[in-house]
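See below for the structure under consideration.
The values are calculated or read from the model by the stated rules, or taken from the named source; none is laboratory data. Quantities reported herein were computed from a predicted structural model and do not represent experimental measurements. So basically every Cβ, Gly included, is an ideal-geometry build from the backbone, and we count neighbours across all protein chains shown. Only protein heavy atoms, including side chains, enter the accessible area calculation; ligands, DNA and RNA are left aside. Shrake-Rupley method; radii C 1.70, N 1.55, O 1.52, S 1.80 Å.
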Amino acid sequence: MEIEIRDLRKAYPGGVVALKGLTLTIPPGIFGLLGPNGSGKTTLMRILSGLLEPTSGQARVAGYDVRTERARVREVLGYMPQDFGFYPNLTAYETLDYFALLCHMDDARARRARVEEMLSLVNLSDYADRRVSAFSGGMKQRLGIAQALLNDPKVLIMDEPTSGLDPEERIRLRSLLAELAGERIVILSTHIVSDVAMTAERLAILHQGNLLFSGDVEELLAPLRGKTWIIDIAEEELSEVRERFFVTGVFRSATGMQVRVVAEKMEHPAGYAADPTVDDAYVFAMKHDGNQGETS
Ligand code: ADP
């Protein structure tokens, strides 16, 4: 069971080419889809969900073609968009009941059991009878997950799931995703590197509709091993360091600035070796995109 994407292209009417010939295989487990705003993540997820037609190329979800077997794809896939269209006046229970009806769960008893099971899974049983309008961002998010899981999909696609969550809710979401993954494919689309760094077994980096990287975290970090450094400097030195080195991050320390850089050798007296992070690798990949600036 996997998702197979072959030479997928999407040109929107008006000329924006959001995907420029993407080829990618996504196996079971948590898969991070990382890229800045506008890089094509939502376009890709909408195509995989059968909500949007690609211009050319192919995509198969668990063996089903997203163009010609759309109904099948819908059966095996749960999509959690960034903004759910929840009705504020419905309770959590009524919301899930309504979506379960839309999924053709016609048997009332089975539907009730499923809705209760989902509420419990996302820790909302105690709030079943509360209106969604009174929910926090994190509670709405969890209700969104419960909704996307109603038909027990093999593939769960989540668009920017941590936006609007506080740190505690983020951690809770992470644990829930780890629990859910197993045999499923869980695609987590985000522009926040730390969302993916902690949870995803594999990831892809999109930039301007191109695939910059696909693989596991170790493969992402490998090219930066032995080439990542920290330089401790005073603030006044920052622009000079920026000119000399490829900077992946700047942090304030107790005594001045800490600058993370990628370089073959370290010739600065205040520089020392550091382990590369996913953040370093992401910034590095972005800046070394050979297709940068290309529009078609
Ligand atoms: P992301 O989810 O990574 O932010 P999107 O897939 O939303 O990226 O967008 C990719 C590109 O396609 C952007 O340049 C965006 O402006 C453009 N785009 C997205 N949706 C449409 C649309 N319906 N019509 C025209 N252009 C669009």
Exclusive hit being open to solvent by 30 Å² or more (accessible area, probe 1.4 Å), in the same structural domain as Asn37 (by TED's automatic domain parsing) and touching a strand residue (DSSP E or B) at 6+ places or on another chain (Cβ under 7 Å), set Arg67, Arg109, Arg114, Arg60: Arg60
Test: residue in segment 59-78 that is within 19 Å of Ala204 (Cα to Cα), within 16 Å of the ligand (Cβ to nearest atom) and at pLDDT 95 or above: yes
Within segment 144-203, considering residues that are within 18 Å of Phe84 (Cα to Cα), at pLDDT 85 or above and small (Gly, Ala, Ser), the one farthest from the ligand (Cβ to nearest atom): Ala146
Members of segment 82-92 that are open to solvent by 40 Å² or more (accessible area, probe 1.4 Å) and either aromatic (Phe, Trp, Tyr) or in contact with a strand residue (DSSP E or B) (Cβ under 8 Å, 6 or more places away or on another chain) (or both): Gln82, Phe84, Tyr87, Pro88, Asn89, Leu90
Meets criteria (open to solvent by less than 10 Å² (accessible area, probe 1.4 Å), in contact with a helix residue (DSSP H, G or I) (Cβ under 9 Å, 6 or more places away or on another chain), not in a helix (DSSP H, G or I) and not assigned by TED's automatic domain parsing to the domain that holds Leu143) for Val261: yes
Test: residue in segment 272-285 that is outside the structural domain of Leu34 (by TED's automatic domain parsing), touching a His at 6+ places or on another chain (Cβ under 8 Å) and either under 29 Å from Met158 (Cβ atoms) or hydroxyl-bearing (Ser, Thr, Tyr) (or both): yes
Test: residue in segment 151-163 that is in contact with a strand residue (DSSP E or B) (Cβ under 9 Å, 6 or more places away or on another chain), closer than 23 Å to Asn37 by Cα and open to solvent by 40 Å² or more (accessible area, probe 1.4 Å): yes
Restricting segment 18-30 to residues that are at pLDDT 95 or above and buried (at least 17 other Cβ atoms within 10 Å of the Cβ), the residue that is farthest from the ligand (Cβ to nearest atom): Ile26
Breaking point among (1) touching a residue at least 24 places away in the same chain (Cβ under 8 Å); (2) more than 26 Å from Ser125 (Cβ to Cβ), for Tyr64: (1)
Residue among Leu34, Leu51 that is within 16 Å of the ligand (Cβ to nearest atom), open to solvent by 60 Å² or more (accessible area, probe 1.4 Å) and within 19 Å of the chain's Cα centre (by Cα): Leu51
Inter-residue pairs, beta-carbon under 7 Å, first of a type in the set (Ser, Thr, Tyr) and in segment 9-24, second at pLDDT 95 or above and open to solvent by 20 Å² or more (accessible area, probe 1.4 Å), 6+ apart: Thr23/Arg6; Thr23/Asp7
Residue in segment 128-137 that is closer than 19 Å to Tyr79 by Cα, over 15 Å from the mean Cα position of the chain (by Cα) and open to solvent by less than 10 Å² (accessible area, probe 1.4 Å) present: no
Hits in segment 167-226 - residues which are surrounded by 18 or more Cβ atoms within 10 Å (Cβ to Cβ), among the basic types (Lys, Arg) and more than 20 Å from Ser120 (Cα to Cα): Arg202
